[in-house]
Amino acid sequence: MSNLTRADWEARAKALQIEGRAFIHGALCPAADGATFDCVSPVDGRFLTKVAACDAADAEKAVADARATFESGVWSQMAPAERKKIMVRFADLMDAHAEELALLETLDMGKPISDSLGVDVPGASRAIRWSGEAIDKIYDEVAATPHNELGLVTREPVGVVAAIVPWNFPMIMTAWKLGPALATGNSVIVKPSEKSPLTAIRMAQLALEAGIPAGVLNVLPGYGHTVGKALALHMDVDTLVFTGSTKIAKQLMIYAGESNMKRVWLEAGGKSANIVFADAPCLKDAAEAAAAAICFNQGEMCTAGSRLLVERSIKDQFMPMVVEAMQGWQAGHALDPATKVGALVDQGHLNTVLGFIEAGKADNADLLCGGAQTLQETGGVYVQPTLFDNAHNAMRIAQEEIFGPVLTVIPFDSTEEAIQIANDSIYGLAAAIWTSNLSKAHQTARALRVGSMWVNQYDGGDMTAPFGGYKQSGNGRDKSLHAFDKYTELKATWIKL
Ligand code: NAD
């Protein structure tokens with residue numbers, strides 16, 4: 001872990017060279033029409049840099065180049081073992097630049113510097129390395145043919161991949177797409193969020209330095225409704241992978257239908273239930289996990305445990321423990337290494353979160369802690385972790401994704417009722433249950449319609465486990481070998497012997 005103090009990070013921030021240009025065919029370039037937008041830090045309101053506001057002309061250029069690069073075979077036909085070496089080098093370079101990447105990430109979107117350094121950089125480099133290391137260990141299939149025929153079942157790269165990613169884990173979300181997309185030999189165009197474009201640009205530079213050929217990894221910063229839409233409607237993008245809101249995910253399916261029927265893989269929103277049964281093995285552990293599940297990353301997590309379902313018989317005993325655990329998650333200056341809750345991504349998002357807090361109050365949920373903006377003297381955008389008790393599942397704070405540190409507590413009386421409440425959501429990303437009863441754990445886990453299920457913990461998993469959602473939380477899976485399916489087409493070749 002780093003010994004850097006807040007003053008050290010401040011000094012480094014002042015000296016940081018920040019790049020906001022697009023990255024096409026291995027070179028930095030302005031948007032075709034020269035347009036830019038200002039990148040301002042939510043940490044303290046400082047101006048960071050001007051960022052290229054790419055649009056349709058840039059998408060045109062990047063897609064044509066990515067297609068030509070793909071067809072040249074310089075990456076797509078490279079031996080898997082060689083691609084592996086380069087991807088491992090890319091991951092190593094990210095680790096070597098960990099402090100710089102972490103600082104960029106924190107300044108750009110507000111998360112605590114200790115998390116950027118301890119979670120985001122290693123999480124992203126691990127994803128690149130894991131996929132790279134896997135690619136020379138995967139075999140194709142030979143079908144069970146008659147003796148005089150040979151049937152080959154092979155996986156081929158799809159070609160040109162557009163990856164549209166959000167701002168909450170900019171590097172990790174980018175790496176979850178890039179790992180399998182690059183390992184399988186595709187050319188990729190990343191469209192980072194306009195709220196967090198900086199680390200994707202830096203990652204592309206490091207990829208080039210590692211040996212990933214020019215044109216294989218391109219980055220087009222800009223807005224969703226301009227360059228994002230142009231990529232989604234493009235006739236020569238083969239696959240569109242997305243992480244972001246359910247609203248935009250639905251729009252992307254329409255764009256695909258209106259254009260070339262490109263494959264569309266979506267990781268979207270969530271409203272995950274964290275269910276504490278009376279027979280939880282340790283209520284204190286459950287309370288601490290409940291606070292972490294909503295406060296980590298300022299609650300800006302698709303998997304945030306935003307609905308805490310508590311069995312009524314233990315509720316009076318359990319809630320003081322939750323309140324105490326929430327007190328351990330105070331907002332602080334994001335460049336302070338001791339901070340656990342940093343800045344929200346921008347003023348607009350703060351307004352959204354405060355609007356939900358008002359909705360909770362108007363619906364007469366009991367406000368137990370937090371409920372207001374804080375740290376205004378920093379010039380940044382911070383909110384107090386907030387806890388609403390005695391809510392019910394029809395309230396807006398129980399149904400809608402707040403994407404901030406706002407926890408909604410709902411009591412229940414039976415296992416059936418807990419399952420019914422948990423499944424009463426348009427989302428199906430994740431859930432957790434706390435119980436000492438093995439049968440109840442398995443039965444409840446089976447009954448919950450979610451892509452990730454945790455028992456007696458919250459948010460477990462690593463690169464070996466697929467990640468994604470049921471229902472309107474999306475389709476397909478990131479991470480694990482299952483993610484490779486999104487970036488490959490299956491070909492059957494039948495040979496007469
Ligand atoms: P968002 O949907 O607003 O934006 C995501 C990306 O889509 C951005 O790059 C944006 O510029 C782009 N975009 C917006 N409009 C577009 C359009 N018309 N055409 C093409 N692209 C467009 O989401 P956000 O606010 O950046 O991120 C928060 C959301 O991401 C939350 O809903 C969260 O749950 C979700 N998320 C999901 C996962 C997961 O794995 N399921 C992980 C992280 C975040």
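The values are calculated or read from the model by the stated rules, or taken from the named source; none is laboratory data. Only a predicted model underlies this, so the values are computations on that prediction, with no experimental measurement involved. Virtual Cβ from ideal backbone geometry, glycine too; neighbours counted across all protein chains shown. Calculation scope for accessible area: heavy atoms of the full protein, side chains included, ligands and nucleic acids excluded. Shrake-Rupley method; radii C 1.70, N 1.55, O 1.52, S 1.80 Å.
Summary of values
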quantity	calculated
Unique match (being open to solvent by 20 Å² or more (accessible area, probe 1.4 Å) and outside any loop (DSSP other than H, G, I, E, B)) among THR493, THR444	THR493
Residue pairs meeting the criteria (Cβ under 7 Å; at least 6 apart or on separate chains; first open to solvent by 60 Å² or more (accessible area, probe 1.4 Å), in segment 253-266; second at pLDDT 95 or above and among the small types (Gly, Ala, Ser))	TRP265/GLY476
Answer residue from segment 281-303, given it is open to solvent by less than 20 Å² (accessible area, probe 1.4 Å) and either polar (S, T, N, Q) or assigned to a loop (DSSP other than H, G, I, E, B) (or both) and is farthest from the ligand (Cβ to nearest atom) among those	GLN298
Check on ILE164, more than 24 Å from ALA232 (Cα to Cα), in contact with a helix residue (DSSP H, G or I) (Cβ under 6 Å, 6 or more places away or on another chain) and either open to solvent by less than 30 Å² (accessible area, probe 1.4 Å) or modelled with pLDDT of 95 or more (or both)	no
Any hit, segment 234-244, residues being of a type in the set (Phe, Trp, Tyr), within 20 Å of the chain's Cα centre (by Cα) and at pLDDT 95 or above	yes
Residues within segment 53-73 that are buried (at least 16 other Cβ atoms within 10 Å of the Cβ) and either part of a loop (DSSP other than H, G, I, E, B) or not assigned by TED's automatic domain parsing to the domain that holds LEU220 (or both), tallied	3
Options LYS50, LYS14, LYS84; residue that is among the basic types (Lys, Arg) and assigned to a strand (DSSP E or B)	LYS50
Residue match in segment 325-342 (condition: under 22 Å from the mean Cα position of the chain (by Cα), open to solvent by 40 Å² or more (accessible area, probe 1.4 Å) and either in contact (Cβ under 8 Å) with a residue 24 or more places away in the chain or not assigned by TED's automatic domain parsing to the domain that holds VAL43 (or both))	yes
Any hit, segment 393-408, residues being of a type in the set (D, E, K, R), crowded, with 20+ Cβ neighbours inside 10 Å and within 21 Å of THR246 (Cα to Cα)	yes
Meets criteria (under 29 Å from GLY269 (Cβ atoms) and touching a helix residue (DSSP H, G or I) at 6+ places or on another chain (Cβ under 8 Å)) for ASP115	yes
Test: residue in segment 13-33 that is among the small types (Gly, Ala, Ser), open to solvent by 40 Å² or more (accessible area, probe 1.4 Å), over 28 Å from GLY211 (Cα atoms) and not assigned by TED's automatic domain parsing to the domain that holds LEU344	no
Test: residue in segment 157-165 that is away from the ligand (no atom under 16 Å from the Cβ) and in a loop (DSSP other than H, G, I, E, B)	yes
Hey, LEU231 within 8 Å of the ligand (Cβ to nearest atom) and under 19 Å from the mean Cα position of the chain (by Cα) or not	no
Residue selected from segment 17-43 under the condition in contact (Cβ under 8 Å) with a residue 24 or more places away in the chain, in a loop (DSSP other than H, G, I, E, B) and of a type in the set (A, V, I, L, M), by the criterion farthest from GLY110 (Cα to Cα)	ALA32
